[in-house]
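The values are calculated or read from the model by the stated rules, or taken from the named source; none is laboratory data. Keep in mind it's a predicted model, so treat the numbers as computed, not measured.
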Amino acid sequence: MEVLRASAFSTFMATRTMLWRFAPTFIPGAGMVDGEVLETLWAVLNGIADSIRSQSTAHRQESLDDHMNDSNWKKMIQLIYRLCKNIKKSVDSAKASQIDFSNINDSADPKCC
């Protein structure tokens, strides 16, 4: 069985009929490991919004660049740890998904479709 999916932003920009058919939010049993990339990037910057509001454009841009560079550095440093942590979850989830798929597949009526 092939499951088609698209990002929430892509389906938001597309027609309404596509939203209900392909958005991961509406696929029963679908899970999300992480949200949209931009959401994770901007969430870090919400903490500095008040302090950069009164800065000049050039200073605001430098402050944003510094915070984004710091965020990218932290992500790069934690990359191996996160990958190792996520692979363990993925292996466990894959085993559980295989069992669930086998149960559904065994209970399906081959004459139906």
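A compact table of results
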quantity: Some residue of segment 52-67 being at pLDDT 65 or above, under 21 Å from the mean Cα position of the chain (by Cα) and in a helix (DSSP H, G or I); calculated: no
quantity: Filtered residue count, segment 89-113, keeping only those that are among the basic types (Lys, Arg) and part of a loop (DSSP other than H, G, I, E, B); calculated: 1
